[in-house]
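The next block holds one structure in the form of structure tokens; read it before the comments.
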Amino acid sequence: MEKSLPCLGGYGEVTVALTFVTDDDMKSLNEKYRGVGGSTDVLSFPLWEENGRFVPPASWSELPLGDVVVSPNFVRANAENEDIGYNIEMARIVIHGVLHLVGFGHDTDRRRDEMWGLQEEILKKYLIRLEQRGGLMAE
């Protein structure tokens, strides 16, 4: 991304833990942490959330954001249902998860529109860069 998210301030580096799990594992996590039955495509576990707000420590130069957990099988099903490439949908889902780590949500129409608009803007920039570099290795 060419410009940093305003919510990230002046951190020199941010890190995200990305984990891929089976549908059964995702179902268990979804039930345990969200109280929702069934699997899902992505779950995010932010380190710096207080009362629904992104509140990271100000004095750190490096900032771990948290964990993004993805179900590749669920993402594949999304891609097939939407008739788009798996790698594009995977990129979208990872971006979505990272946005949750920095305080974005979709619990209201306004917040959903803001988050999904930013998600698509980031995805578009990512895809343009991939195209400039010769595209994805495999679809």
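Determine which member of the set Gly85, Gly37, Gly97, Gly66 is among the small types (Gly, Ala, Ser) and over 20 Å from Phe20 (Cβ atoms).
On the way: Gly85 fails: over 20 Å from Phe20 (Cβ atoms); Gly97 fails: over 20 Å from Phe20 (Cβ atoms); Gly66 fails: over 20 Å from Phe20 (Cβ atoms).
Going through Gly85, Gly37, Gly97, Gly66 in turn, the sole match is Gly37.
Which members of the stretch 57-79 meet the condition of being crowded, with 17+ Cβ neighbours inside 10 Å and either more than 18 Å from the chain's Cα centre (by Cα) or free of Cβ contacts under 8 Å to residues at least 12 places away in the same chain (or both)?
Selection gives Ala79 alone.
Just checking, how many residues over the stretch 20-36 are within 15 Å of Val75 (Cα to Cα), assigned to a loop (DSSP other than H, G, I, E, B) and more than 17 Å from the chain's Cα centre (by Cα)?
Of the residues in the stretch 20-36, 1 are within 15 Å of Val75 (Cα to Cα), assigned to a loop (DSSP other than H, G, I, E, B) and more than 17 Å from the chain's Cα centre (by Cα).
Output the number of residues of the stretch 66-93 satisfying the condition of being outside any helix (DSSP H, G or I), of a type in the set (Asp, Glu) and either in contact with a strand residue (DSSP E or B) (Cβ under 7 Å, 6 or more places away or on another chain) or closer than 15 Å to Glu120 by Cβ (or both). Break it down stepwise before answering.
Within the stretch 66-93, the subset outside any helix (DSSP H, G or I) is 66-71, 83-85.
Checking which are of a type in the set (Asp, Glu) leaves us with 67, 83.
Now restrict to residues that are either in contact with a strand residue (DSSP E or B) (Cβ under 7 Å, 6 or more places away or on another chain) or closer than 15 Å to Glu120 by Cβ (or both): 67.
Going through the stretch 66-93 one residue at a time, the tally reaches 1.
Just give me the residues in the stretch 100-117 being surrounded by 12 or more Cβ atoms within 10 Å (Cβ to Cβ) and free of Cβ contacts under 8 Å to residues at least 40 places away in the same chain, in sequence order.
If we filter the stretch 100-117 for residues that are surrounded by 12 or more Cβ atoms within 10 Å (Cβ to Cβ), which is where we start, we get 100-106, 111-112, 114-116.
Within the stretch 100-117, Phe104, His106, Arg111, Arg112, Glu114, Met115, Trp116 qualify.
For the stretch 37-54, how many residues meet the condition of being in a loop (DSSP other than H, G, I, E, B) and surrounded by 13 or more Cβ atoms within 10 Å (Cβ to Cβ)? Don't jump to the end; show me each part of the working.
Filtering the stretch 37-54 for residues in a loop (DSSP other than H, G, I, E, B) gives 37-41, 47-48, 51-52.
Cutting the leftovers down to surrounded by 13 or more Cβ atoms within 10 Å (Cβ to Cβ) gives us 39-41, 47-48.
Residues in the stretch 37-54 being in a loop (DSSP other than H, G, I, E, B) and surrounded by 13 or more Cβ atoms within 10 Å (Cβ to Cβ): 5 in total.
Evaluate the stretch 96-117: report whether one residue or more is assigned to a helix (DSSP H, G or I), of a type in the set (Val, Ile, Thr) and in contact with an Asp or Glu (Cβ under 7 Å, 6 or more places away or on another chain). Break it down stepwise before answering.
Going through the stretch 96-117, the residues assigned to a helix (DSSP H, G or I) turn out to be 96-101, 109-117.
Cutting the leftovers down to of a type in the set (Val, Ile, Thr) gives us 98.
Narrowing the set further to residues that are in contact with an Asp or Glu (Cβ under 7 Å, 6 or more places away or on another chain) leaves none.
No, there is no match, as no residue in the stretch 96-117 is assigned to a helix (DSSP H, G or I), of a type in the set (Val, Ile, Thr) and in contact with an Asp or Glu (Cβ under 7 Å, 6 or more places away or on another chain).
In the set Glu13, Glu89, Glu82, Glu50, which member is more than 18 Å from Met115 (Cα to Cα), charged (D, E, K, R) and modelled with pLDDT of 90 or more? Talk me through it step by step, then tell me what you get.
Numbers: Glu13 fails: modelled with pLDDT of 90 or more; Glu89 fails: more than 18 Å from Met115 (Cα to Cα); Glu50 fails: modelled with pLDDT of 90 or more.
None of the other options fit; the residue is Glu82.
Among the candidates Glu82, Glu49, single out the residue that is in contact (Cβ under 8 Å) with a residue 40 or more places away in the chain and among the charged types (D, E, K, R). If you could, list the steps in order and put the result at the bottom.
Working: Glu82 fails: in contact (Cβ under 8 Å) with a residue 40 or more places away in the chain.
Glu49 is the lone residue from the list that is in contact (Cβ under 8 Å) with a residue 40 or more places away in the chain and among the charged types (D, E, K, R).
Would you call Asn87 surrounded by fewer than 18 Cβ atoms within 10 Å (Cβ to Cβ) and polar (S, T, N, Q)? Spell out the reasoning first.
On the way: surrounded by fewer than 18 Cβ atoms within 10 Å (Cβ to Cβ): yes; polar (S, T, N, Q): yes.
Spelling it out, Asn87 is indeed surrounded by fewer than 18 Cβ atoms within 10 Å (Cβ to Cβ) and polar (S, T, N, Q).
Which of the numbered conditions does Phe54 fail, given that it passes all the others? Conditions: (1) farther than 17 Å from His100 by Cβ; (2) in contact with a Gly (Cβ under 6 Å, 6 or more places away or on another chain).
Looking at each condition in turn, Phe54 falls short on (1).
The values are calculated or read from the model by the stated rules, or taken from the named source; none is laboratory data. Being a predicted model, the structure only gives us computed values, none of them experimental. Backbone-built Cβ (ideal geometry, glycine too); neighbour counts: all protein chains shown.
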